[in-house]
C-alpha cells in the first residue's frame, strides 16, 4: 500500500472515538468506573497513533502531493448540487488531527482522575469521545457541509458537557447560553454556504477556493464576513464572546479540552481552510484583524480583575484567540496555527492545573482565598509555572516563539495601530497570568482566613434539613429533590465566583489543600514539557521552520508577512518581550506577597471605576441580557400576539372561512332529488355535444 | 320493373340504425326525467343502455371492425350486474317505505 492510498484511510481517525461514544452511550453505566474512562482514552490513543501514521504517509510524499481526498459516500445527490461525505487529508487537517487526538488523549486521561466518583462517569466519557469524533469530522471535511456537520456536533457536545452537572442551575444556564450564542454564528455559516451554492454550485473547498479569486468582490466579501460571523461564535470573539466564560460551569477537563485547546480553535481552522476568500477580500481581512486585536486587548483587561481562576483563564483564552484571529486577518496563517498548537499546550496545561487546584481544594475556585499552594500542590505548581512562562512569552518557552511571531507579523504587515494593540494585549497577558500564578501558588496562604460558616454543612447532618427544606420549595416545580449523595455534587452550590462578589470561605473544614492523583498529574507534566519545548516546531531560523514548511502547500501563493531579516525579527521580539516583562513586573510587584486580606485586591483598589468597568466585562453581557429581556421580549411578544395571532392565523382562518361560505352556497345544489340531477346531466351532455358539433367537429 | 331497383332504394344504411338508436336513447332519457316511479326510471335507463349497444353494433358492421361488437358483450355483462344491484336496491326501498317515488327519496341532500 503506497502513501497515497494510506492517506485515504484517514476516515479511521474520527471513527475510533465515534465507536467509543456509541459504546459508552449504550453501555457506559454498566461498564462503569474506571473502565469506561480507559476505553475512551485508549481509543483516543489509537486515533492519535493513526494520526501519526497519516503524518508519516504525508511526509513520505512530495509536498505538492500531500493533499488526498477520500469519498466515503455521496451524501446529497441533489441534481445540480452534489455533496459528498468526503475527507481531506492535507497538512492543515493532519496538524489538527494530531492536536485534537494528542491533547485530547491527555485530557481524557486526566478526566479519569477528575471525574472519579461521579455517577455520570460513563456518560461523561461518551460525550467526550463524541466531541473528539465531531471535532475530527470538522477538520477532515472536504467541503463546507461536512465541516458544518462537525461544527454542529462539537456545538452539541459543548452544550452537553457545559451542563453536565445539570441539576446545578448555573450549569444548565451556561450550557444554554453557549448554544444560543453559537447559533447566531452558525446562522452566518449557513448563509455563507447558501451563497456558495448559489454562486459556485458546489461546497467543495478546492473548487470554491480556486474560484474565489475570479468571483465578484461583493460575493467574496459577503462569504468571508458570513464565515467570520461563525468564527466569532465558535472562537468567542467580539461580539459573540460572553458564552465562553459561562462555559466554565462544566467540569474542568471540558474547559481544558473544548473551551481552550480544541473546539474554540475551530474558527481559526475555518478561516485557514477558507483563506482564498479572505485573501481575495482585503476588506473582510481587515475586519478580521481588527476584531481579533480588539478582542485580545479587551479580554486581557477583563481577565486582570477576575477572582475566579477558571473565569480568568477563560478570558485569557478569548484574548489568545484574539491573537490568532489577528494573525489570520493580516494573512499570517502559519503564525496563527503555530499559536493554536502552542496555546493548546500551555492553556491545556493551565486549565488542567486549575482543575487540579479546584480538585484539591474542595471545588473552591476563588483565587482570593488560595495562596502559597506550591507547598501543597508542588507538581501542579511546577506545571502551571512553566505554562505561565510560556503564555507570557518568556524565552525559550513555547509562547515566546508563537505569540511573538504574531506580534512581529503584525508589525511587518504594516498596520501599526494593530501592532500597538497587540503589544498592549501582551502587557495584559503578563499582568493577568502573573496575578493568577502569584495569587494561587505564592504569597500568603489565605484559605483559613475566613471563618468556616456553620451554615454550609459537610455532607450529612445538617444537609438533610437543607435538602428537605429545598424539597418543599422545589416540589411545586416538579423537580425531584436530588441530594448531593445521589448526584456526586451539591446542586445548590455554584463554585463560580463572579467579579464583584465578595470572597467565600473555602469548604475545606480545616484540612489543607492536597495534590491530585498521578493520573491527573501525568497530563499536566506532559503538557508543561510541551509548553517548554514546543517552540522547536517552528524556530525563526531558516531551515528550522518545520511548521512553516509543512503548511507551505496549503497556503501556496499566499504572501505571509514575516520579518525580512533575522536582526529585524530579533529587534521586534525584544520589543514584544520588553512589554510582556513590564506586565509581569507590574503584577509581581502588586501580588508577590499575596493579598493583605481576601477581600482587598490592590489592583482593583488602585483602579476604582476602571476596575469595575473591566471586571464586569464592560457590562457587555449585562447589556445583552437587558436588551434581550426588555426590547427583545417585547419584540417577541409583538410577534406572538400581533403578527402570529392576527396576521398569520388571521390569513389562514380567513381562507378557511371563505371556503366554508362558498360551501354553504353550493350546498343548495345538492338537494337529493335524483331527477334534478339527471336533468343536469342531460343538459350538460347536450351542451357539450352542441359545442363539439359547432366548433370542434369541423 | 324488376324488384332490384326497389330493393336498392330500400337498402338499410347504418344511419337507419343510428336514428333508431337516437330515438330509443331520447325516449329513455325523457323517461328518466319525467317519470317518478323508480322502477320505470330504471327501465328507461335500460332503454338508453340498449340504444348505445345498438349504436356500437351498427358502427361495427359499417366500419367492419369487431371491436364494437366485443364492447357490446362487455356492456351486457356489466348491465346484468347493474340490474341485479339496481333491482335489489329498489326492492329494499319498497320494503322500507311502501312505494317508490323518486321525488320522495331525498335523504342524501347536502
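So that you can scan it fast, the table gives a plain yes or no per residue for (1) more than 14 Å from chain A (Cβ to nearest Cβ); (2) in contact (Cβ under 8 Å) with a residue 60 or more places away in the chain:
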{"site": "B:48", "(1), (2)": "no, no"}
{"site": "B:76", "(1), (2)": "yes, no"}
{"site": "B:90", "(1), (2)": "no, no"}
{"site": "B:101", "(1), (2)": "no, yes"}
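Filtering the range A:325-334 to residues that are surrounded by 24 or more Cβ atoms within 10 Å (Cβ to Cβ) and under 11 Å from residue A:410 (Cα atoms) leaves A:326, A:327, A:328, A:329, A:330, A:332.
Within the range A:608-645, the set of residues being assigned to a loop (DSSP other than H, G, I, E, B) and free of Cβ contacts under 8 Å to residues at least 40 places away in the same chain comprises A:608 only.
Looking at this structure, is residue A:663 closer than 30 Å to residue B:107 by Cα, at pLDDT 90 or above and either surrounded by fewer than 12 Cβ atoms within 10 Å (Cβ to Cβ) or within 14 Å of chain B (Cβ to nearest Cβ) (or both)? Here the answer is yes, as residue A:663 does meet what is asked. If I filter the range A:640-660 for residues that are within 14 Å of chain B (Cβ to nearest Cβ), over 29 Å from residue A:174 (Cα atoms) and in contact with a helix residue (DSSP H, G or I) (Cβ under 8 Å, 6 or more places away or on another chain), do I get at least one hit? No; the residues of the range A:640-660 include none that is within 14 Å of chain B (Cβ to nearest Cβ), over 29 Å from residue A:174 (Cα atoms) and in contact with a helix residue (DSSP H, G or I) (Cβ under 8 Å, 6 or more places away or on another chain). Can you tell me which residue within the range B:50-69, out of those that are within 25 Å of residue B:89 (Cβ to Cβ) and touching a helix residue (DSSP H, G or I) at 6+ places or on another chain (Cβ under 6 Å), is farthest from the other protein chains (Cβ to nearest Cβ)? Of everything passing the filter in the range B:50-69, B:53 is farthest from the other protein chains (Cβ to nearest Cβ). Here residue A:601 fulfils each of the conditions (1) at pLDDT 90 or above; (2) closer than 17 Å to residue A:304 by Cα apart from (1). Here the condition is being modelled with pLDDT of 90 or more, under 28 Å from the mean Cα position of the chain (by Cα) and assigned to a strand (DSSP E or B); of A:53, A:83, it holds for A:83 alone.
When you check residue B:72 against the structure, is it under 15 Å from the mean Cα position of the chain (by Cα), away from chain A (no Cβ under 14 Å) and modelled with pLDDT of 90 or more, yes or no? Criteria met by residue B:72.
Here is a yes/no grid of residues against (1) crowded, with 16+ Cβ neighbours inside 10 Å; (2) outside any helix (DSSP H, G or I); (3) under 14 Å from the mean Cα position of the chain (by Cα):
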{"site": "B:16", "(1), (2), (3)": "no, no, no"}
{"site": "B:23", "(1), (2), (3)": "no, no, yes"}
{"site": "B:49", "(1), (2), (3)": "yes, no, yes"}
{"site": "B:58", "(1), (2), (3)": "yes, no, no"}
{"site": "B:62", "(1), (2), (3)": "no, no, no"}
{"site": "B:78", "(1), (2), (3)": "no, no, yes"}
{"site": "B:84", "(1), (2), (3)": "no, no, no"}
{"site": "B:93", "(1), (2), (3)": "yes, no, no"}
{"site": "B:109", "(1), (2), (3)": "no, yes, no"}
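The values are calculated or read from the model by the stated rules, or taken from the named source; none is laboratory data. Bear in mind the structure is a predicted one, so any value in this text is a computation, not a measurement. Cβ atoms come from the backbone with ideal geometry, glycine included; neighbour counts cover every protein chain shown.
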